[in-house]
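For reference, the structure discussed in these notes is given below.
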Amino acid sequence: MTSSDTVLITGAGGGVGGFAVQIAANRGAHVVGAASGKHENRVRSLGAHDFIDYRTTDVGDRVKEITNGRGVDAVLDVVGSESATEKLQLLAFGGRIATTAGDPDFSTVNSLDTGLSWFGLATGLAYLHGTDSDVEELGLMLEELFALVRDGDVDPMVTSTIGLEEVPHRLAEMAAGKSGGKTVAVL
């Protein structure tokens with residue numbers, strides 16, 4: 001990712017999306033965050049230059065406005081397969097898409113016409129199916145992320161601390177999509 005890239009991040013109001021907004025902005029990219037409207041102030045405060053409320057605005061139309069019809073250079077989709085498939089149409093030639101919650105349906109685009117690249121992010125699988133080198137690379141990525149947090153370049157978005165007895169309730173809230181930011185359980 002470079003400072004000339006325009007990046008669309010779905011789920012920008014959540015934990016993974018919020019980290020992505022900060023990292024992309026930190027690297028100088030023009031960040032477009034998509035989330036529900038209640039997250040607009042937070043997403044902008046994390047570094048998004050543009051915000052799209054996916055509930056009230058057609059994301060594709062708005063991306064085309066923002067990019068003057070060119071499309072984005074990169075997409076991080078944390079929503080799911082259907083969302084990732086829709087976002088393929090928003091990529092500029094040579095665009096890249098990374099997904100965390102489901103693979104896009106590539107039959108909807110001609111990859112020879114678009115020159116796109118895809119990255120499926122399943123970092124936890126490095127421990128189950130990867131080599132020692134894969135696990136080591138994951139460790140290096142985490143060290144870089146921790147350094148960004150330590151140096152104040154990335155806000156870890158800790159919104160609450162709870163006792164161990166509250167963990168089941170908070171996990172239920174997270175599963176229902178009712179918990180933004182990060183919760184730390186104090187042991």
*Which residue out of ALA101, ALA126 is over 16 Å from the mean Cα position of the chain (by Cα), closer than 21 Å to PHE19 by Cβ and not polar (S, T, N, Q)?*
ALA126
*Positions within the stretch 136-168 being out of contact with any strand residue (DSSP E or B) (no Cβ under 9 Å at 6 or more places or on another chain), part of a helix (DSSP H, G or I), closer than 25 Å to HIS39 by Cα and touching a residue at least 12 places away in the same chain (Cβ under 8 Å), in sequence order*: LEU145, LEU148
_For the stretch 92-119, give me the residue count where each residue is open to solvent by less than 70 Å² (accessible area, probe 1.4 Å), touching a residue at least 12 places away in the same chain (Cβ under 8 Å) and assigned to a helix (DSSP H, G or I)._
2
*Which residue pairs have Cβ atoms closer than 7 Å, lie 6 or more positions apart in sequence or on different chains, and pair a first residue in the stretch 30-50 that is in contact (Cβ under 8 Å) with a residue 40 or more places away in the chain and on the phi > 0 side of the Ramachandran plot with a second residue that is open to solvent by 10 Å² or more (accessible area, probe 1.4 Å) and not aliphatic (A, V, I, L, M)?*
none
*asked:* Going by what's in this entry, would LEU125 be described as touching a residue at least 40 places away in the same chain (Cβ under 8 Å), surrounded by 11 or more Cβ atoms within 10 Å (Cβ to Cβ) and out of contact with any helix residue (DSSP H, G or I) (no Cβ under 7 Å at 6 or more places or on another chain)?
replied: no
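Take residues that are under 10 Å from the mean Cα position of the chain (by Cα) and tell me which of the strands (runs of 3 or more DSSP E) falling wholly in the stretch 1-68 contain 3 or more. Full working, then the answer.
Numbers: elements: 6-10, 30-35, 50-53.
The qualifying strands (runs of 3 or more DSSP E) are 6-10.
The values are calculated or read from the model by the stated rules, or taken from the named source; none is laboratory data. Note that the structure is predicted; figures quoted are calculated from it, not measured. Counting neighbours? That spans all protein chains shown, and the Cβs are built from the backbone with ideal geometry, glycine included. The accessibility values were calculated without ligands, DNA or RNA, using every heavy atom of the protein model including side chains. Shrake-Rupley method; radii C 1.70, N 1.55, O 1.52, S 1.80 Å.
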